Amino acid sequence: DKPMEDVSSQKELKKGEALGRRLVVALDGSNMSDYVLDWCAKNVFQEDDKVILLHVAEYYTVTAVPTGDIGDYYGGVKMEQLTNDMREIAVENGKRFIQACSKKASSLGISDVELKLLVTNQASPAKHAISDFVNSENPDMLICGSRGMNAMGRILIGSVSDYLVHNSCCSTLIVKTDSKP
């Protein structure tokens with residue numbers, strides 16, 4: 001007879017499957033982003049986790065009311081070109097930010113990092129882009145920060161973290177700062 005073996009903690013892997021968790025960390029470019037990475041490195045991340053750093057670069061569509069025979073021009077510049085310029089600036093800023101986050105993650109000892117940069121305009125808010133991405137990727141957990149908006153701000157603008165808690169397919173961890181409101 002073979003002695004009893006406890007295999008309850010062993011995970012059977014399929015070919016190419018990673019052992020660790022897949023964690024999406026949504027970072028918004030604020031000072032809170034650094035805090036979220038620091039906090040997660042101390043309290044959440046494990047050695048075999050795959051960490052997906054997600055940033056949504058937002059831009060605004062430029063519009064103007066045409067006057068006279070100016071049509072879609074304003075000062076000799078097409079509104080469409082201004083919108084494209086705004087998009088390019090948002091993408092470049094987003095790339096710089098997500099690369100800086102990658103360096104920060106590396107300095108914190110987080111080795112398995114994937115970078116995702118999504119681009120959206122004001123017609124499709126960042127919270128929808130994050131939720132759509134998370135629901136398509138189906139990670140083990142979504143992590144985001146909380147800016148600590150007051151009740152009126154949450155009513156008028158809508159809390160991104162609150163939206164993600166209620167509309168994401170996975171558990172959502174909201175990191176708050178130590179400061180009291």
Could you grab the pairs with beta carbons closer than 8 Å, sequence gap of 6+ or different chains, first residue in the range 165-176 and exposed (fewer than 15 other Cβ atoms within 10 Å of the Cβ), second one part of a strand (DSSP E or B)?
SER171/MET141; SER171/LEU142
Being modelled with pLDDT of 90 or more, in contact with a strand residue (DSSP E or B) (Cβ under 6 Å, 6 or more places away or on another chain) and not acidic (Asp, Glu) is the filter here; which residues of the range 135-169 pass it?
PRO139, MET141, LEU142, ILE143, CYS144, GLY145, LEU164, VAL165, SER168
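Given the structure, is VAL91 within 12 Å of HIS55 (Cα to Cα), part of a helix (DSSP H, G or I) and aliphatic (A, V, I, L, M)? Show your work before the answer.
Numbers: within 12 Å of HIS55 (Cα to Cα): yes; part of a helix (DSSP H, G or I): yes; aliphatic (A, V, I, L, M): yes.
For VAL91, the condition - within 12 Å of HIS55 (Cα to Cα), part of a helix (DSSP H, G or I) and aliphatic (A, V, I, L, M) - is met.
Before we move on, is LEU118 aliphatic (A, V, I, L, M) and either under 30 Å from GLU47 (Cβ atoms) or open to solvent by 80 Å² or more (accessible area, probe 1.4 Å) (or both)? If you could, list the steps in order and put the result at the bottom.
Details: aliphatic (A, V, I, L, M): yes; either under 30 Å from GLU47 (Cβ atoms) or open to solvent by 80 Å² or more (accessible area, probe 1.4 Å) (or both): yes.
Yes: the conditions hold for LEU118.
The values are calculated or read from the model by the stated rules, or taken from the named source; none is laboratory data. Values in this document were obtained by computation on a predicted structure and should not be read as measured data. Every residue, glycine as well, gets a Cβ built from its backbone with ideal geometry; the counts of neighbours run over all protein chains shown. Just so you know, the surface numbers come from the protein's heavy atoms only, side chains and all, with ligands and any DNA or RNA stripped out. Shrake-Rupley method; radii C 1.70, N 1.55, O 1.52, S 1.80 Å.
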